[in-house]
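Notes follow once the structure below has been shown.
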Amino acid sequence: MTVQSTGSDPAADTWPEGSRLTERDAATTWDLLVVGGGTAGLVGAQTAALLGARVLLVERDRTGGECLWSGCVPSKALLAAASAAADARRASRLGVHAEVSVDFPAVMAHVRRAIADIAPVDAPQALEAAGVRAVRGTVVLTGATTAAVDGREVRFARALLATGSRPAPLPLPGVDRVAPLTADDVWDLEELPSRLVVLGGGTTGTELAQALARLGAQVTVVEAGEHLLPREDADAAAVVTAALRADGVDVRTGVRAASVRPGSSGAGVLVLEDGDELAFARLLLAGPRRPVLDGLGLAAAGVEVDADGRLVLEPGLRTTSPSVWAAGDVTGEDLYTHTAGVRGSDAAVTAVLGLPRRPSPVVPRVTFTDTELAAVGEPTTGDAPGRRVLHLAHDHVDRAVADGRTEGFTRLVVDRRGRVRGATVVGPRAGEVLAELTAAVLDGTTTSALVARTHPYPTYGDGPWNAAIADYRARLGSPVVRALTRTVVTARRWRRARSA
């Protein structure tokens, strides 16, 4: 999904002249019509063009989508500034002393520069250079292979819906009377809120809460679940919670919001179901998102939605229309940029070439708090037949010891054959560490194979490696294996004695 631009945005309008639908465009039958210029649409369109297809991409606002304008890029730029402040404050533990002063408008200027620096990669000009015809407009499907772009008919053989998502409305009495912030518009802030309440303790809520607290806001996070990051390993989430509290964040879990009592200028009071009240200067809603499907004319194209308003999809990302596919946030699946890109490419290949490509079920995910939490594959909590959970605390990772950052751990789930089926890593650079573990889950790599790979020393990647080594040594020490190895050693000793 794209976000309306603001006048202060240095990359507010990336569309060149001549970016509206032309008569020539309307006279062409396109191999693939892509609706939406976010990550899934961009990657899908460029993949199809690379395959030789005639591709028309239509975006109503700005190319780049939520990731560029209000998601991955601005949030990580904000996290970088917040991390710099936090590192300076805690440098005294390493014998370094520094004074910290935060210039919030300058921080937001850094965020906008990061967006502006990356925007050209996703711009219409980049699409045109890749062989994609990119136009600005609004699409309404009018049939199985026809659509109207700003009222003008276009024809296509296949279509890819990549219209993204937006924050879901929150049915909370009084919330609309305080102009709440969402993850899509928090980037319009020019002043740091003195007191911020974040409603929702998932990935977005925890990242923004910690970042803004480190920059000087008084922050409270309210999460209805029993712990922050409800879908993650509870012990790993506890490490993240401790990190947020160390940065001054007031974490409230296991309690729901009941209502909002408005004040003035966006301020108010959040009333909790347990009767507690939290005053705020601004309220940030960091809850779920919903697919953007309104106004697309889905019924005319034979595209069905279920009772929850979500697209009904076949395993290969095709909708109920034989000519329409979907990818990215609009599908309501994992709302990650990396997933959107891969799914967009898969859908484009299937739609254009007719080659079925089913999405991989292995999707890595990272919460970029400090410390980071990264996970992939099967859950790393709970006993089940045929699986073992390997745990290694990071006080056994030498790089963590050297950095003074031993608060994390690595957990691997392995099956009866020793294959890695899932992993959770919580600690600095956990996202980078997860890359090897994602490959291990995909390939069915065993802990023995991990042990055999030489890892650079000292790195945080030693966590999974040391966990695998510990498992390997434990298996070598089992009675059966020890008896076998003792027999082999004894036999070799006997042969050496005879040859002497």
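The values are calculated or read from the model by the stated rules, or taken from the named source; none is laboratory data. Just so you know, these numbers come straight off a predicted model, no measurement behind them. Because the Cβ atoms are built from the backbone with ideal geometry, glycine has one as well, and the counts that use them run over all protein chains shown. SASA here: full protein model, heavy atoms, side chains in, ligands and nucleic acids out. Shrake-Rupley method; radii C 1.70, N 1.55, O 1.52, S 1.80 Å.
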Anything in the stretch 418-455 that is open to solvent by 20 Å² or more (accessible area, probe 1.4 Å) and more than 20 Å from the chain's Cα centre (by Cα)? List them, or say none. 419, 421, 443, 444, 446, 448, 449, 451, 452, 453, 454, 455
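Would you pick out the residues in the stretch 252-266 that are open to solvent by 30 Å² or more (accessible area, probe 1.4 Å) and in a loop (DSSP other than H, G, I, E, B)? I'd like the intermediate steps shown before the answer.
Of the stretch 252-266, the ones open to solvent by 30 Å² or more (accessible area, probe 1.4 Å) are 252-254, 256, 258-259, 261-265.
Correct list: 254, 256, 263, 264, 265.
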What number of residues within the stretch 322-338 are farther than 15 Å from residue 35 by Cα, touching a helix residue (DSSP H, G or I) at 6+ places or on another chain (Cβ under 8 Å) and open to solvent by less than 50 Å² (accessible area, probe 1.4 Å)? 1
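Condition check ((1) open to solvent by less than 80 Å² (accessible area, probe 1.4 Å); (2) outside any helix (DSSP H, G or I)) across all residues:
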| site | (1), (2) |
| --- | --- |
| 84 | yes, no |
| 90 | yes, no |
| 102 | yes, yes |
| 109 | yes, no |
| 114 | yes, no |
| 117 | no, no |
| 125 | no, no |
Positions within the stretch 277-294 being part of a strand (DSSP E or B), open to solvent by 20 Å² or more (accessible area, probe 1.4 Å) and aliphatic (A, V, I, L, M), in sequence order: 279, 285
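I'm trying to understand the selection: among the residues of the stretch 379-417, which are assigned to a loop (DSSP other than H, G, I, E, B) and crowded, with 20+ Cβ neighbours inside 10 Å? Steps first, please.
Going through the stretch 379-417, the residues assigned to a loop (DSSP other than H, G, I, E, B) turn out to be 379-386, 397, 404-408, 416-417.
Listed by number, the residues that qualify are 380, 397, 408.
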Based on what the data block shows, is residue 226 part of a helix (DSSP H, G or I), at pLDDT 95 or above and not polar (S, T, N, Q)? no
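Residues are listed down the side, and each one gets a yes or a no for (1) open to solvent by less than 50 Å² (accessible area, probe 1.4 Å); (2) of a type in the set (A, V, I, L, M, F, W, C); (3) touching a Cys at 6+ places or on another chain (Cβ under 6 Å); (4) more than 17 Å from residue 25 (Cβ to Cβ):
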residue	(1), (2), (3), (4)
121	no, yes, no, yes
128	no, no, no, no
133	yes, no, no, no
146	yes, no, no, no
154	yes, yes, no, no
Would you confirm whether or not the stretch 353-367 contains a residue that is closer than 19 Å to residue 162 by Cβ, open to solvent by less than 40 Å² (accessible area, probe 1.4 Å) and not in a strand (DSSP E or B)? yes
Is it true that residue 48 is open to solvent by 10 Å² or more (accessible area, probe 1.4 Å) and aliphatic (A, V, I, L, M)? no
Cβ pairs under 7 Å, 6+ apart or interchain, first in the stretch 162-181 and on the phi > 0 side of the Ramachandran plot, second modelled with pLDDT under 95 and in a loop (DSSP other than H, G, I, E, B), ordered by first then second residue, are 164/1; 179/266
